[in-house]
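Down below is the structure, laid out as structure tokens.
Nothing in this text is a laboratory measurement; each read-out follows from the coordinates by a stated rule. The structure presented is a predicted model; accordingly, all values stated were derived computationally and were not measured. Cβ atoms come from the backbone with ideal geometry, glycine included; neighbour counts cover every protein chain shown.
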Amino acid sequence: MSKRREELRRKVARGQARARGEAVPGLSPNPAANLIMANAIVRTGSILLRRAVDKRMLRGRYGKDTAEAAAENQGLGSTLTALALSKVAARSSTGAVVVGGGMLAKALYDRRQAKKARAKGDAQILEDAADA
């Protein structure tokens with residue numbers, strides 16, 4: 001038997017021995033259910049935090065009502081783009097560098113094109129708020 005396979009068998013045996021004697025931390029005695037609950041809690045918290053940050057960033061320029069409407073009414077394309085970028089950035093340091101570099105390039109480009117970008121961004125935010 002290979003050395004790697006033997007090492008894996010020892011780890012499994014050690015884990016099974018621990019599982020027999022110790023209580024599972026969490027709300028349920030089922031570890032899989034605990035992972036699902038923890039995942040749901042973390043994702044819910046992440047969504048709430050993201051919405052609060054979005055509203056706060058827009059509130060100073062557009063007012064409370066417009067900022068809330070724009071933050072709550074983001075399009076599917078925007079949401080999927082953010083999801084894809086965050087997945088790429090979270091998987092590896094190279095992905096994080098690529099995504100961060102792309103964001104930096106976009107910010108520098110927008111600063112260069114400030115007047116046009118501001119008008120385009122304002123139009124998009126007001127359009128999103130009007131759709132609500």
* Given only helices, namely DSSP H runs of n ≥ 4 each adding -39500 (n - 2.57), what is the per-residue ellipticity at 222 nm of the chain, to the nearest 500 deg cm²/dmol? -> -29500 deg cm²/dmol
* Structure fact -> In degrees, nearest 10, the alpha-carbon axis of helix 3-21 is tilted away from the dominant principal axis of the alpha carbons of the chain by 90 degrees
* Rounded tilt (10° steps) of 76-91 against the dominant C-alpha axis of the chain -> 50 degrees
* When Lys and Arg each count +1 and Asp and Glu each count -1, what net charge do the other residues less than 12 Å away from residue 49, Cβ to Cβ, add up to? -> +4
* To do: Project the alpha carbons of the chain onto their principal axes and report the range along each, largest first, in whole Å.
  => 67, 35, 21
* Cα to Cα, under 29 Å, and not fewer than 8 places away if on the same chain: which lysines meet these conditions relative to residue 115? -> 55, 64, 106
* With contacts defined as alpha carbon pairs under 8 Å and 6 or more residues apart, what's the relative contact order of the chain in percent? -> 21 percent
* Structure fact -> Among region 54-85, those whose backbone N falls under 14 Å of a label point 7 Å along Cα→Cβ from residue 118 are 61-62
* Positive-end residue, the chain charge dipole about Cα centroid, Cβ charges, pick of 42, 77, 113 -> 42
